[in-house]
Every structure is written in C-alpha cells, then in structure tokens.
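Chemist: Take a look at the following structure, please.
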Amino acid sequence: MRPQILFPAKKCTLGCPVLDQFLAGGVPCGSITELSGESGSGKTQLALQLLLSAQLPLSLGGLASSSLYLHSEPPYPFRRFEQLSKAFYLSYHQVFDSVECVCNNVLVQELDSADHLFDVLLKLDSMLAEDSRKTMPIRLVVIDSIAALFRSEFENTPFDLRRRANLFFKISSKLKLIAMKYGVAVLVTNQVVDVMRSSGDLNALRIGNFDSLFSSGRRVCPALGISWASCVNSRLFLSMNEEIVGNVTDDGDDNLLCRRTKREMHVVFAPHLPSSSREYVINREGVFGVRGQIETSVSGTSFKSDTSKNPTFLLCDKDYSCGNM
Amino acid sequence: MEVSRLAISASTRAKLISAGYTSLSSLSTLSPFNLATDIKIPEKEADEILKLASHNGKLDNTKGTQAVSGGQTAWDMLKEDEGLRCITTSCSALDNILGGGINCKEVTEIGGVPGIGKTQLGIQLAINVQIPHEHGGLAAKAIYIDTEGSFMVERALQIAEACLSDYNDLPRRGCNANQLKRQPKDLLENIYYFRVCSYTEQIALINYLGKFIKEHKEVKIVIVDSITFHFRQDFENMALRTRLLSELALKLMKLANEFKLAVVLLNQVTTKYTEGAVHLTLALGDSWSHACTNRIILHWNGNERYAYIDKSPTLQSASAPYSVTGKGIRDSVSDHKRVKLM
C-alpha cells in the first residue's frame with residue numbers, strides 16, 4: 001500500500017458558466033453529489049443537462065465521456081431530452097457530428113428496486129473495467145431518483161429502517177468505489193419530505209448550512225433521513241418559491257399581479273464549497289444560473305430572496321414548466 | 001551485561017547479535033512477538049529468551065526500580081508528556097477547552113451530523129501538524145485515511161494557503177530570511193493520503209501503518225475520515241463488528257503510544273431507539289464509546305457550530321463555538337465579538 005498522490009478532482013461542467021462558477025467548476029469526479037428538491041424544482045432537468053455536457057471535451061469543461069442515466073421514476077423524459085439535446089447540439093455543433101451522435105452517448109437504464117440498482121452497479125463495475133480503453137468511456141452516472149427506490153419498499157419500523165440504512169451504505173460504498181476507481185462523477189437526485197411541526201421529528205434536525213429549508217412556502221428536508229445524509233459527499237438543494245415582482249396595477253386586479261417562480265440552488269454541505277445560494281431559471285434550452293452577487297451567508301443564516309432583482313431577464317427567460325403542469 | 005553471556009543456544013545468540021541486540025537493556029523493552037518476528041524464531045522461544053534476559057537483568061540491576069521490565073514510572077510519563085506539543089485546531093476557543101489542541105499519544109474521536117465540519121477539521125489538522133517549530137507547531141507530517149471520498153484537494157490547498165499566510169505574517173523568532181517560502185503545494189506533499197474502499201482494506205491498512213510510520217518517523221498525526229463508513233454495511237454479526245472495531249482501536253492506540261503521535265477518528269451519527277423515543281448518538285454502538293481516549297461531539301446550536309467534550313480522562317467537559325470559514329476552522333464570529341466587548 002502506497003499513499004496516493006494528491007491532485008484536484010476533475011469536474012464535470014453543468015453546461016452553464018454561472019452554475020459552474022457557483023459549484024467551483026461543476027460536479028466533482030470521485031465522489032457522490034446529491035441534488036434534492038421538491039417535484040418540479042428542476043432536478044431531472046439539471047440531470048439531463050449534465051448527461052449531455054459530460055460529452056464535451058476536457059477543454060470545454062466536460063469529461064469527454066458517455067454517461068449513464070439510471071432512472072426510477074417512469075416515464076423516461078425523452079421528449080424533454082430530445083429538446084435539450086437539440087439545443088445542446090446547436091451550441092456545440094463544431095464538436096459533435098449530429099444530434100443522434102449526442103444522444104447515442106447517453107445510456108439509459110430503468111431501475112425497479114434498490115436491489116436492482118445494486119445489481120446494475122455490480123455490472124457497471126465490470127463493464128467499466130473492460131471499456132477503459134474505449135474512446136468514450138462512462139465517466140458520469142446519474143441516479144434519478146434514489147428516493148423513489150426506497151420510499152415504497154420499506155416500512156417505518158426500527159427493523160425495516162435498519163435494513164434500509166444497511167442498504168444505503170452498501171449502495172453508496174459501491175458507488176464511491178466506482179467513482180474512485182474510474183474517476184466517475186456521480187449525481188444522485190433525491191426527493192424532499194415535509195417537516196412536521198411536532199417536536200421529536202428527526203427531519204427537523206439541522207443538517208448542513210441552513211437552519212431549515214423552504215420550498216413552495218413549506219418547510220422541507222431531503223428524504224431518506226440522516227443515514228443517507230452520511231452517505232453522500234455533497235448535498236445541493238433546489239428550492240422554488242412564488243414571488244411577486246413589479247407593482248400591483250392601479251385597478252388593483254389580482255390577475256394583473258406579476259408572479260414568477262424564483263428558483264434557487266443552495267449548497268447544504270460540501271467539503272469544497274462554502275454555504276451559498278444561487279438563483280437559476282429553467283427555459284427551453286436548459287437550466288441556467290442567473291448572474292449576480294452570490295448570496296453567501298455566514299454559517300447559514302437566512303436565504304430569503306433579496307428584492308433588488310434585475311427585471312430584464314424576466315422578459316427573455318420564460319419560465320419553462322417541467323412536467324408538473 | 002552482554003547477550004553473549006546468556007544461557008541460550010549459539011545459533012539463537014548469533015541471530016540476536018546480528019539483529020543488533022547486543023546488550024540486555026536492548027532486550028528489556030521488547031515483547032516476545034516483536035522479538036520473534038524480528039529475528040524469525042518461534043514466539044515461544046522468544047518468550048524464553050526474554051524471561052532469561054530479564055532474570056539476568058534483575059540480578060544485574062542493582063537499583064531495581066522497575067517492577068516489570070520496560071515499565072515506566074508515572075513521574076517519567078508526566079515528564080515525557082510535558083515535552084509533547086499539541087496540534088492546534090486554529091480555533092482558540094476549541095484549543096482552550098482541549099488544553100492546547102489535539103494531544104499526541106492519544107486517540108481522539110470526533111463525531112457529528114453531516115455537514116458540521118468533521119472533514120474540514122480533519123483537513124485543518126493535517127495542515128496544522130506541519131506548522132514549523134518556531135511558530136509553536138510540530139513541523140511534522142500527516143497520514144490521512146479517507147474512507148468516504150470527501151477529502152477535496154482544492155479545499156486542502158485553500159486551507160494550506162491560509163495557514164501559510166497566517167504564520168508568514170507573524171514576526172519570526174529565529175529570523176531566517178533566507179529560508180525558502182513554503183508553498184501550499186509543499187504542505188500537501190506532506191500529507192500521506194490513503195483512500196480505502198472496504199472495511200477489509202481499512203483493517204489491512206491500519207495493520208500496515210506501524211511499518212509505514214517506522215519508515216516515515218516524521219508522521220505525528222493519523223486521521224481516519226471516517227472510521228465508521230465501511231462498518232455500517234454488511235454486518236449481520238454485530239459481535240464480530242464490535243470485535244474488529246475494538247481491535248482497530250487497540251492498534252491505533254498502540255501506534256499513538258509507540259510513535260507519540262495523535263490519532264483522530266471521525267465518526268458519524270446515528271439514531272438510537274430507547275424506550276420508544278428516538279435520539280441521536282454517535283455511530284458504532286456502546287462498546288465502541290469505550291474505545292477512544294477522548295470523544296468530542298460537534299453540533300449545531302442555533303446558527304453556530306459548537307464542539308463539546310463528551311468524554312476525556314484529563315479534560316473538563318466543556319463546549320466551545322467554532323466556525324468553518326474560507327480559510328478553514330476559525331474562531332466563531334460572535335465569539336470574537338464577545339472577546340472584543342470584554
């Protein structure tokens with residue numbers, strides 16, 4: 001056994017310079033990054049975008065690799081994926097031959113249970129060992145979502161919870177092994193659960209930089225509890241909150257109130273990132289960060305919206321509805 | 001008294017002498033196992049030699065202060081302990097309650113919820129052990145055993161840079177203008193980083209550490225981030241797990257003692273069911289909680305991070321705020337204000 005030589009982890013671009021800057025280069029290889037948020041917050045959008053941008057050459061911040069998309073929440077969003085890949089091809093047409101070629105580098109596998117996921121990971125390990133010489137080896141694994149695999153199968157009894165936690169560690173250990181051995185970036189999406197007001201709710205326990213996380217005006221926290229939280233290296237949280245922009249029109253009609261959804265990405269914890277938040281929008285071409293001051297909070301104070309918004313981008317960026325309408 | 005006068009076979013005597021054991025005093029601190037592996041003889045035989053040597057040694061030793069050969073008096077230990085330096089955490093409040101920092105020759109367990117800053121503290125200590133003597137450091141090296149993959153090189157560079165600029169700004173006692181300025185990269189080279197991917201690997205590595213440290217005597221801290229991760233899966237047999245873990249702890253404690261280095265084990269938290277209620281506790285169970293010398297729990301208190309000494313034979317139980325900043329672990333901001341007000 002020899003000590004390893006230390007060099008900074010490679011990062012996979014998210015396909016947006018603002019978000020890349022926010023995450024210090026993108027999603028790191030060799031560790032597990034979790035993306036949690038309520039349904040419709042844009043987890044899958046971001047995941048799909050990442051699948052595409054991993055194909056970019058190293059010079060453009062990508063991994064020059066294929067990517068594997070493991071999804072457990074049917075149906076597979078292929079229409080949206082096609083839309084994104086067209087947009088992606090248009091912006092990088094000098095790098096890729098065709099849209100088809102772009103889509104071909106994304107491998108898709110459906111998951112039906114946690115055990116199935118483990119089987120797939122075992123296969124992946126042997127597969128990666130073989131295809132390390134290929135021109136486009138798999139260097140990105142996206143699991144969308146981990147929560148769906150675990151939320152139905154297990155009951156809320158101490159015995160089942162222990163069995164579930166055991167499986168978390170088994171899966172994350174395998175994922176981390178693959179991530180380390182082959183320099184793979186792993187992104188896992190997670191759902192959120194509501195936090196009850198009653199005392200003794202373990203979900204109310206503070207994990208990470210923020211005292212409590214809010215989305216759509218509800219207090220939420222990423223699903224699967226504290227054992228899963230110990231399994232991931234970094235945790236990002238996507239929030240969406242309705243916000244009123246502009247003044248009420250003079251006749252006072254409610255319908256004329258200008259509302260929009262403010263989406264933000266927060267670093268809940270990450271070994272390499274400070275506690276911070278960044279606004280983003282989802283439009284036809286994908287997910288993009290909004291340029292502006294990063295709201296850095298000292299050891300996790302509030303991350304409420306600031307009122308000085310630049311109204312110009314609202315005109316050009318129509319909020320893209322992502323599957324929940 | 002010479003080894004050559006011991007009543008042992010000529011071949012064994014030759015083995016002893018060729019291995020460098022010429023005097024009885026050189027044998028006095030050895031264990032039978034060490035001797036057996038060193039000169040490749042059965043353990044039983046080694047035991048016989050040592051018995052003989054200690055018997056002859058006693059006749060020889062007129063002072064007779066040591067009841068057991070190789071033993072140390074409490075006074076000697078205290079003297080030795082005073083000569084050891086602590087490794088600062090870079091947070092003065094935390095150093096205060098720890099009596100100066102992380103102690104050498106001790107195993108310290110640090111646990112807390114995800115995102116509280118365990119890994120940050122681990123990286124900070126790996127950098128701080130390298131602070132030169134003239135700034136009150138140990139000028140030593142670190143071993144970092146990463147079981148979770150959370151060690152981020154870019155973060156270590158950041159912390160190293162902040163640490164270097166901190167002590168470069170200070171006036172130097174032994175002013176040496178010619179001394180080359182150290183770069184953050186140099187500090188990184190002094191961290192021996194091991195990434196382990198299973199519990200068997202973890203056990204094997206810790207067994208091998210003694211040999212590694214013998215070759216790298218400058219190592220003064222061993223950080224395991226985290227001791228827990230691989231032990232939380234695949235164990236149907238909890239008794240086996242407990243046994244393996246206490247064996248690990250024992251080995252680490254021995255390393256700490258033998259090489260006068262600090263061992264820091266990071267631990268996760270888990271939920272525990274007692275009488276229907278659920279509460280948080282450090283992972284690995286009750287028997288593990290006996291394994292480490294010191295136990296520090298990191299927790300949130302409102303918007304501040306706090307460290308709490310849960311168990312220590314020498315330190316008072318106390319808690320202190322700290323914060324995780326861009327530069328690494330530092331004093332809590334509000335604590336700073338409090339000091340200024342006073």
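Chemist: Within the bounds of the stretch A:295-316, is there any residue that is surrounded by fewer than 17 Cβ atoms within 10 Å (Cβ to Cβ), modelled with pLDDT of 70 or more and either within 14 Å of another protein chain (Cβ to nearest Cβ) or not in a loop (DSSP other than H, G, I, E, B) (or both)?
Modeler: Within the stretch A:295-316 (the criterion being surrounded by fewer than 17 Cβ atoms within 10 Å (Cβ to Cβ), modelled with pLDDT of 70 or more and either within 14 Å of another protein chain (Cβ to nearest Cβ) or not in a loop (DSSP other than H, G, I, E, B) (or both)), the answer is no, since none of the residues qualifies.
Chemist: Here's another thing I want to ask about it. Name the pairs whose Cβ atoms lie under 8 Å apart, with the first residue in the stretch A:98-121 and among the hydroxyl-bearing types (Ser, Thr, Tyr), the second not in a helix (DSSP H, G or I), and 6 or more positions between them or separate chains?
Modeler: Partner pairs satisfying both residue conditions: A:Ser113/A:Glu153.
Chemist: Being at pLDDT below 90 and of a type in the set (Ser, Thr, Tyr), is that true of even one residue in the stretch A:119-134?
Modeler: yes
Chemist: So, of the residues in the stretch B:275-311 that are in a strand (DSSP E or B) and β-branched (Val, Ile, Thr), which turns out to be farthest from the chain's Cα centre (by Cα)?
Modeler: Ranking the qualifying residues of the stretch B:275-311, first place goes to B:Val278.
Chemist: Which ones in the stretch B:1-17 are surrounded by 17 or more Cβ atoms within 10 Å (Cβ to Cβ), over 24 Å from B:Glu258 (Cβ atoms) and not hydrophobic (A, V, I, L, M, F, W, C)?
Modeler: Selection gives B:Thr12, B:Arg13.
Chemist: Additional query: Among what's in the stretch B:286-298 and is open to solvent by less than 40 Å² (accessible area, probe 1.4 Å) and out of contact with any Asp or Glu (no Cβ under 7 Å at 6 or more places or on another chain), pick the residue that is nearest to B:Gly117 (Cα to Cα).
Modeler: The selected residue is B:Leu298.
Chemist: Scan the stretch B:268-280 for residues that are surrounded by 15 or more Cβ atoms within 10 Å (Cβ to Cβ) and either more than 11 Å from every other protein chain (Cβ to nearest Cβ) or farther than 24 Å from A:Trp228 by Cα (or both) and jot them down.
Modeler: Result: no residue meets the conditions.
Chemist: Further, regarding this structure: Name the single residue that is surrounded by the fewest Cβ atoms within 10 Å (Cβ to Cβ) among those in the stretch A:207-227 being over 24 Å from A:Arg163 (Cα atoms) and at the interface with chain B (Cβ under 7 Å from one of its Cβ atoms).
Modeler: Step by step, filter the stretch A:207-227, then rank; the result is A:Asp211.
Chemist: With the condition being under 14 Å from B:Leu261 (Cβ atoms) and open to solvent by 50 Å² or more (accessible area, probe 1.4 Å), I'd like the helices (runs of 4 or more DSSP H) fully within the stretch B:123-238 carrying at least 1 qualifying residues.
Modeler: Result: B:199-215.
Chemist: Among A:Asn104, A:Asn203, A:Asn166, which is within 17 Å of A:Ser36 (Cβ to Cβ) and either away from chain B (no Cβ under 14 Å) or open to solvent by 20 Å² or more (accessible area, probe 1.4 Å) (or both)?
Modeler: Going through A:Asn104, A:Asn203, A:Asn166 in turn, just one is within 17 Å of A:Ser36 (Cβ to Cβ) and either away from chain B (no Cβ under 14 Å) or open to solvent by 20 Å² or more (accessible area, probe 1.4 Å) (or both): A:Asn203.
Chemist: Considering each residue of the stretch A:67-97, count those that are part of a helix (DSSP H, G or I) and open to solvent by less than 40 Å² (accessible area, probe 1.4 Å), and give that number.
Modeler: Residues that pass the stated criteria total 6.
Chemist: Is it the case that the stretch B:299-312 has a residue that's open to solvent by less than 40 Å² (accessible area, probe 1.4 Å), farther than 25 Å from A:Val232 by Cβ and modelled with pLDDT of 90 or more?
Modeler: yes
Chemist: Could I ask something else about it? Mind counting the residues in the stretch A:2-24 that are more than 21 Å from A:Asn233 (Cα to Cα) and of a type in the set (A, V, I, L, M, F, W, C)?
Modeler: 2
Chemist: Out of A:Val120, A:Val184, A:Val195, report the one residue that is open to solvent by 10 Å² or more (accessible area, probe 1.4 Å) and closer than 30 Å to A:Phe88 by Cα.
Modeler: A:Val120
Chemist: Quick check on A:Leu175: is it in contact with a strand residue (DSSP E or B) (Cβ under 6 Å, 6 or more places away or on another chain), open to solvent by less than 60 Å² (accessible area, probe 1.4 Å), more than 13 Å from every other protein chain (Cβ to nearest Cβ) and at negative phi?
Modeler: no
Chemist: Consider the stretch A:158-198. How many of its residues are in a helix (DSSP H, G or I) and of a type outside the set (D, E, K, R)?
Modeler: Residues meeting the conditions: 17.
Chemist: Would the stretch B:246-267 turn up any residue that is more than 17 Å from B:Tyr208 (Cα to Cα), part of a strand (DSSP E or B), within 14 Å of chain A (Cβ to nearest Cβ) and out of contact with any Lys or Arg (no Cβ under 6 Å at 6 or more places or on another chain)?
Modeler: Yes - at least one qualifying residue is present in the stretch B:246-267.
Chemist: Further, regarding this structure: Out of A:Ala114, A:Ala64, report the one residue that is modelled with pLDDT of 90 or more and either open to solvent by 20 Å² or more (accessible area, probe 1.4 Å) or within 18 Å of the chain's Cα centre (by Cα) (or both).
Modeler: Being modelled with pLDDT of 90 or more and either open to solvent by 20 Å² or more (accessible area, probe 1.4 Å) or within 18 Å of the chain's Cα centre (by Cα) (or both) holds for just one of A:Ala114, A:Ala64, which is A:Ala64.
Chemist: While we're here: If you take the residues of the stretch A:133-157 that are part of a loop (DSSP other than H, G, I, E, B) and open to solvent by less than 50 Å² (accessible area, probe 1.4 Å), which of them is farthest from A:Pro77 (Cα to Cα)?
Modeler: Filtering the stretch A:133-157 for residues that are part of a loop (DSSP other than H, G, I, E, B) and open to solvent by less than 50 Å² (accessible area, probe 1.4 Å), the one farthest from A:Pro77 (Cα to Cα) comes out as A:Phe154.
Chemist: Being modelled with pLDDT under 80 and open to solvent by 60 Å² or more (accessible area, probe 1.4 Å) is the filter here; which residues of the stretch B:18-38 pass it?
Modeler: The answer is B:Thr22, B:Ser25, B:Thr29.
Chemist: Counting only residues that are touching a Cys at 6+ places or on another chain (Cβ under 9 Å) and within 12 Å of chain A (Cβ to nearest Cβ), how many does the stretch B:281-328 have?
Modeler: 5
Chemist: Right, another one. Collect the residues in the stretch A:1-59 that are of a type in the set (Gly, Ala, Ser), more than 11 Å from the chain's Cα centre (by Cα) and not in a loop (DSSP other than H, G, I, E, B), keeping them in residue-number order.
Modeler: Passing the criteria: A:Ser53, A:Ser59.
Chemist: Let me ask something additional. Mind checking which pairs have a first residue in the stretch B:45-65 that is over 13 Å from B:Glu2 (Cα atoms) and a second that is exposed (fewer than 15 other Cβ atoms within 10 Å of the Cβ) and modelled with pLDDT under 55, Cβ under 8 Å, 6 or more apart or different chains?
Modeler: These pairs meet every condition: B:Lys58/B:Gly64.
The values are calculated or read from the model by the stated rules, or taken from the named source; none is laboratory data. The model shown is predicted, which means the values in this text are computed figures rather than measured ones. Please note: Cβ atoms are built from the backbone with ideal geometry, for glycine as well, and neighbour counts cover all protein chains shown. Side chains included, ligands, DNA and RNA excluded: accessible areas come from the protein's heavy atoms. Shrake-Rupley method; radii C 1.70, N 1.55, O 1.52, S 1.80 Å.
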